[in-house]
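Colleague: Structure incoming, see below.
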Amino acid sequence: MQLLESTGTPYCVVGETSNLLFDSRGLRGVIVRIAARMSGISFDGRDVVVKAGTSVPELARAAGAKGLSGIEHTVGIPGTLGGLVIMNGGSQRKGIGSSVAWVRYVDRVGTLIELSREDCEFSYRSSALQRLGGVVTEVGLRLDRGNTDEIEAEMDEIVASRQARFPEDAPNCGSTFLSNPAMYSSVGPPGKAIDDAGLRGTQIGGAQISPKHSNFINNVGGATSDDVLALVGLVRGAVLERTGFRMDAEARYVSPDGKVTAAHTVSDDRAASPGTSMTPIHPK
Ligand SMILES: Cc1cc2nc3c(=O)[nH]c(=O)nc-3n(C[C@H](O)[C@H](O)[C@H](O)COP(=O)(O)OP(=O)(O)OC[C@H]3O[C@@H](n4cnc5c(N)ncnc54)[C@H](O)[C@@H]3O)c2cc1C
């Protein structure tokens, strides 16, 4: 980090890239990847110290085997703990933040810092870490005592339910749009809003709104980042017009100089100054 900072080199920190849409023009900078080579879990009663590159499903299973409860909801999320903490990811209306005790990270100028849960300002799919930048290296979790059989049964149920609902046949960035609580209570979740707007299965270039779950955008063959962003813009505009709610993207876009931003901010900018126009193909 000291070298990157002192030389002004563009960089991007990633885990498994499961939440990221890279620009098809590439990335002219350094990728700092914190994944399997920086993984490891140590248990001390209810306290668990986890290296940031640890796979989330493996962590959930390992905690369950020790009779520790609290992160069952993360068992089907295909990423690293570092990425999950940055995103305050989770499922079943939960976020990993509520199980975090502290986070160790290296800031932009190379200083090792420890943050408490409060410092991380976790909120729905968001954390202060997104603004701070830097690299999460290790996370302390505090879990509850539970019964291994019950924890494992719950995780098996979660995995089975996800397999039935989510598309697994084509690459995607997970849920494209965040669920907005006000919209949820009057319109429903993003997938329903997209269905109601008649957009299920709509395709631009190689990017398609999944016919299985409308909040996923699949690469069905040769999709460019522009195809995906155009689809994000189309959906956002159509849902806004129909419901009055602006859906923000959970998926994050990585620009050619390594800047990571919510995908809708880029699709909005493109819509304001359109360079290319692409015609959507609506399903019959
Ligand atoms: C099929 C599918 C299903 C999904 N389901 C869910 C779900 O149910 N719930 C959910 O919350 N998410 C879900 N996701 C999204 C994604 O898996 C999560 O956000 C995951 O936690 C991201 O982890 P990652 O290691 O892949 O991070 P990446 O995608 O690589 O990065 C995500 C963000 O974290 C940053 N980052 C990653 N690692 C570090 C680090 N060590 N230090 C600093 N910054 C870092 C990146 O810069 C980026 O901003 C799903 C994705 C897919 C493809």
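The values are calculated or read from the model by the stated rules, or taken from the named source; none is laboratory data. Given the structure is predicted, the values throughout are model-derived calculations rather than measurements. All Cβ positions, glycine included, derive from the backbone under ideal geometry; neighbour counts span all protein chains shown.
Colleague: Regarding residue 95, is this residue in contact with a Phe, Trp or Tyr (Cβ under 9 Å, 6 or more places away or on another chain), near the ligand (Cβ under 9 Å from one of its atoms) and farther than 27 Å from residue 157 by Cα? Don't jump to the end; show me each part of the working.
Modeller: On the way: in contact with a Phe, Trp or Tyr (Cβ under 9 Å, 6 or more places away or on another chain): yes; near the ligand (Cβ under 9 Å from one of its atoms): yes; farther than 27 Å from residue 157 by Cα: no.
No: the conditions fail for residue 95.
Colleague: State yes or no: is residue 263 in contact (Cβ under 8 Å) with a residue 12 or more places away in the chain, buried (at least 22 other Cβ atoms within 10 Å of the Cβ) and away from the ligand (no atom under 16 Å from the Cβ)?
Modeller: Details: in contact (Cβ under 8 Å) with a residue 12 or more places away in the chain: yes; buried (at least 22 other Cβ atoms within 10 Å of the Cβ): yes; away from the ligand (no atom under 16 Å from the Cβ): no.
Spelling it out, it is not the case that residue 263 is in contact (Cβ under 8 Å) with a residue 12 or more places away in the chain, buried (at least 22 other Cβ atoms within 10 Å of the Cβ) and away from the ligand (no atom under 16 Å from the Cβ).
Colleague: I would also like to ask the following. Pairs please, first residue from the stretch 22-38 and in the same structural domain as residue 259 (by TED's automatic domain parsing) and at negative phi, second anywhere and of a type in the set (S, T, N, Q) and in a helix (DSSP H, G or I), Cβ atoms under 9 Å, 6+ apart in sequence or on different chains.
Modeller: none
Colleague: Among the residues of the stretch 180-192, are any of a type outside the set (Gly, Ala, Ser), farther than 20 Å from residue 88 by Cβ and in a helix (DSSP H, G or I)?
Modeller: The initial filter retains those residues of the stretch 180-192 that are of a type outside the set (Gly, Ala, Ser), namely 180-181, 183-184, 187, 189-190, 192.
Right, trim to farther than 20 Å from residue 88 by Cβ and you get 187, 192.
With in a helix (DSSP H, G or I) added as a condition, the list becomes 192.
Yes.
So that you can scan it fast, the table gives a plain yes or no per residue for (1) buried (at least 16 other Cβ atoms within 10 Å of the Cβ); (2) part of a strand (DSSP E or B); (3) under 11 Å from the mean Cα position of the chain (by Cα); (4) not assigned by TED's automatic domain parsing to the domain that holds residue 39:
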residue: 78; (1), (2), (3), (4): no, no, yes, no
residue: 84; (1), (2), (3), (4): yes, no, yes, no
residue: 90; (1), (2), (3), (4): yes, no, yes, no
residue: 101; (1), (2), (3), (4): no, yes, no, no
residue: 109; (1), (2), (3), (4): no, no, no, no
residue: 119; (1), (2), (3), (4): no, no, no, no
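Colleague: May I ask you to verify whether residue 148 is touching a Lys or Arg at 6+ places or on another chain (Cβ under 9 Å), within 8 Å of the ligand (Cβ to nearest atom) and polar (S, T, N, Q)?
Modeller: Values: touching a Lys or Arg at 6+ places or on another chain (Cβ under 9 Å): yes; within 8 Å of the ligand (Cβ to nearest atom): no; polar (S, T, N, Q): yes.
Against the criterion (touching a Lys or Arg at 6+ places or on another chain (Cβ under 9 Å), within 8 Å of the ligand (Cβ to nearest atom) and polar (S, T, N, Q)), residue 148 does not qualify.
Colleague: A further question follows. Count, please, the residues in the stretch 213-230 that happen to be assigned to a helix (DSSP H, G or I) and within 16 Å of the ligand (Cβ to nearest atom).
Modeller: Taking the stretch 213-230 first, the residues assigned to a helix (DSSP H, G or I) are 225-230.
Still in the list and also within 16 Å of the ligand (Cβ to nearest atom): 225, 228.
Going through the stretch 213-230 one residue at a time, the tally reaches 2.
Colleague: Being surrounded by fewer than 21 Cβ atoms within 10 Å (Cβ to Cβ) and either more than 13 Å from the ligand (Cβ to nearest atom) or under 14 Å from the mean Cα position of the chain (by Cα) (or both) is the filter here, so list the residues in the stretch 56-76 that pass it.
Modeller: Within the stretch 56-76, 61, 62, 65, 66, 67, 69, 76 meet the criteria.
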